[in-house]
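See below for the structure under consideration.
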Amino acid sequence: STWPVAWKAVVSTQSTGRLEREMALAAAYGALDQGSLLMGRSCDTFLPEEGIDEFSFLPGTDPASFVEEFQNSSSVDNRIKFHSGTTTLGFKFKHGVIIAVDSRATAGSYIASQTVKKVIEINPYLLGTMAGGAADCSFWERLLAKQCRIYQLRNRERISVAAASKILSNMVYQYKGMGLSMGTMICGWDKRGPGLYYVDSDGQRTTNYMFSVGSGSTYAYGVMDTGYRYEMSVEEACALGKKAIMHAGHRDAMSGGVVNLYHMREEGWVKVSQTDISQMYYQSLEEKK
């Protein structure tokens, strides 16, 4: 509650000297020792500045060691446990790329939401998916959207899928080991045709014709292995994508809600459908009778 007032004090001192600014910054953070703050690096590094594409860390704070201490603490009560679960699917076929995702957000065994939008619409020709920490995926992919727009303004052409995925990989690699949780797919259409890349929070980046990410991915892969053909029609591909997420959502406790289905075409992406997983599953059982 006192944060906005304290931060205003920092901003109001920007036209004064370094000492005043750093003392105001120390007061804003409260718990920091002012003496240690004034040693070493200038507070210019930590004040918010428009256009900075990275997080600002407190002086003397090492995020990697902080997370390591709590993740591997000998006390169970002090241990931070990251639980995540989802099912996202992307695959290439003759007529583009299909992206299918569920919509359930969980916090351990608690279902926090059934209506999460796990597809980030970066621009009309690029899509990103969310798996892992919702905040991490949302933040970094929205930052990627900004970088893609800047690239387009500077170069007067759309960024390629490969370049977009590389930018995301490079950004998150700087924070490797600092507790980020992200496993995303970047898909789109550029001069080379349809593109599909996987990027995670360690900076790993790879391309393939098919990816499924999340706790329900094994179920989705099982359906894809039996039904995938490159020569599929658009209708067949959409049905296969929905079927894969439906079975994953039924079998995996961390996945569920609705199936959001997107089709990436040469003209850009289009949202095909949004279908309830439970209704799809029980309808499929009735059709088998």
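The values are calculated or read from the model by the stated rules, or taken from the named source; none is laboratory data. Every value quoted in this text rests on a predicted model; they were computed, and no experiment measured them. We place every Cβ from the backbone using ideal geometry, glycine too, and count neighbours over all the protein chains shown. We work out accessible area using only protein heavy atoms, side chains counted, and drop any ligands, DNA or RNA first. Shrake-Rupley method; radii C 1.70, N 1.55, O 1.52, S 1.80 Å.
Once backbone amide H atoms are built at 1.01 Å from N, D276 has V259 as its partners under 5 Å, excluding neighbours fewer than 5 places away on the same chain. Approximating the spin labels as points 7 Å out from Cα along Cα→Cβ, the R192-to-L285 distance works out to 4.5 nm.
Shown for the stretch 129-180: the carbon plus sulfur share of the solvent-accessible area, taken with all protein chains present and a 1.4 angstrom probe, equals 49%.
Residues in the stretch 87-169 average 43 Å² of solvent-accessible surface per residue, probe 1.4 Å, ligands and nucleic acids excluded.
Residue-wise HN-Hα couplings along the stretch 90-99, as the Karplus relation 6.51 cos²θ - 1.76 cosθ + 1.60 with θ = phi - 60° gives them from phi, are x, 8, 8, 8, 4, 10, x, 10, 9, 10 Hz; Gly and Pro carry x. Derived scalar couplings between HN and Hα for the stretch 247-260 equal 5, 5, x, 6, 8, 9, 5, 8, 10, x, x, 10, 9, 9 Hz in order, rounded to whole Hz, by the Karplus curve 6.51 cos²θ - 1.76 cosθ + 1.60 (θ = phi - 60°), x for Gly and Pro. Modelled spin labels at E266 and T207, positioned 7 Å past Cα toward Cβ, are 1.8 nm from each other.
Amide H contacts under 5 Å for T106: G85, A112, restricted to partners 5 or more places along the chain or on a different chain, H placed in the peptide plane at 1.01 Å from N. Spin-label model, K117 to E236: label points 7 Å out along the Cα-to-beta-carbon direction sit 3.3 nm apart. Close amide H contacts of S201 (hydrogens built in the peptide plane, cut-off under 5 Å, sequence separation of 5 or more or a different chain): M182.
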